[in-house]
Every structure is written in structure tokens, then in C-alpha cells.
1. Expressed in nm to one decimal, what extension gain is obtained for the pair residue 151 and residue 109 from 0.36 nm per residue of sequence separation less their Cα-Cα distance?
2. Return 56, 139 ranked ascending by Cβ neighbour count within 10 Å, so the fewest neighbours appear first.
3. Using a Förster distance of 41 Å, how high is the FRET efficiency between residue 125 and residue 38, based on the Cβ-Cβ distance and rounded to 0.05?
4. Any chance you could run the full-extension gain for residue 63 through residue 118? It's 0.36 nm times the residue separation minus the Cα-Cα distance, nm to one decimal.
5. Using R₀ = 30 Å, calculate the FRET efficiency as 1/(1 + (r/R₀)^6) where r is the Cβ-Cβ separation of residue 139 and residue 90; round to 0.05.
6. What ranking do 149, 155, 161, 136 get, fewest neighbouring Cβ atoms within 10 angstrom at the top?
7. For a footprinting-style exposure proxy, rank 55, 48 by other Cβ within 10 Å, fewest first.
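Since every read-out is calculated from the coordinates, none of them should be taken as a lab result. Just so we're clear, the structure is a prediction, and the values are computed from it rather than from any experiment. Ideal geometry is used to build each Cβ from the backbone, glycine not excepted, and the neighbour counts take in all protein chains shown.
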């Protein structure tokens, strides 16, 4: 089957639902360009001609797991229980609670379907429709943020009417690369 052509969704493997988490920490632009070269519909999978599907889990799932595990380990070893004669165990218990809440709230699988044939999109969480509407309400944009030193970072964001913003590339300092990748993603949309 040629690259970027119609195929069935890989329902047996859940690894592709975490594909947005693995976008490389050192060179996200090159990593995204490589993904686009291998799959011209990235991050979508073409389910049938002119129908593209993106299934994913929020990245707060791994962040919540990490916070939960670190807090549980620190609570169980009783380290940081007392700092300069002050009880600090409540911060660790709070970390356990927040971590658990992040994991539970991020567990439902998200699914975005772009149907070019009908000109509509459909967004659902765990199989329940959250919103649907005309396809022109879905967009890819370049978002800007800066750090305390004044350096600018750009994020490539997939969004739309009543859609959760989905960051495709994070913390990129290379503005020139972003628009080219945005155009490549818009060809899918």
C-alpha cells in the first residue's frame, strides 16, 4: 500500500493513539517533517477516501501518572516529611490526589473525524459525541508563548469550534519551519 493511502485503522495497536507524545524533545520540527514524509495525512489516519480519523489520549495522562508515582514513592519512603521542623507530608498527599485526578480525567479516548465527502467534522470522547459541525470550523494555527528571558516559542495547534486545542508541536524556536508544516497539515484538513 503506498504511503498516505487509505487503509484500515489499526485498532489492535494502541501505540498510535500516543503518537503525539513522541514528537522528539530536541528537534520537534525535524521529527514532524519525518512523520509528514512517512504519512502525508499525519497526525490523521485515512479511514476511507476523504475521511480522516485522529484518535488520541490527552498528554495530561502521562503527566498525572508521573506526578502520582513520584508522590507515592516520596510518601512511602517518608522523605520530605519534615523540612526544618515543619510537617510537609500534606504536599505529597496533595500530589497523589492531583496526579490521580489528572490520570482519571485523561483516560477517556478522544476521536476526531474529518469527513471531506460530507463536509463535516465529528468529535467524541469515549464514544459520546461532544460536537459536530461544518468542516470549515476546524483549523491549524501557530500559537506563540515566551519564557522569562524573552525567547519566543511556537506551538502548532489543531483547534476548532468546541474542540479541545491539540498541540501538535511544542516549544519550537524556529518560526520559519512552522508555516511550511502548517501548510502540509492543512492539505489533510
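1. 11.7 nm
2. 139, 56
3. Efficiency for this residue pair is about 0.90.
4. Using 0.36 nm per residue and subtracting the Cα-Cα distance, I get 16.1 nm.
5. It comes to 0.10.
6. Taking fewest neighbouring Cβ atoms as first place, the list is 149, 136, 161, 155.
7. Lowest count first: 48, 55.
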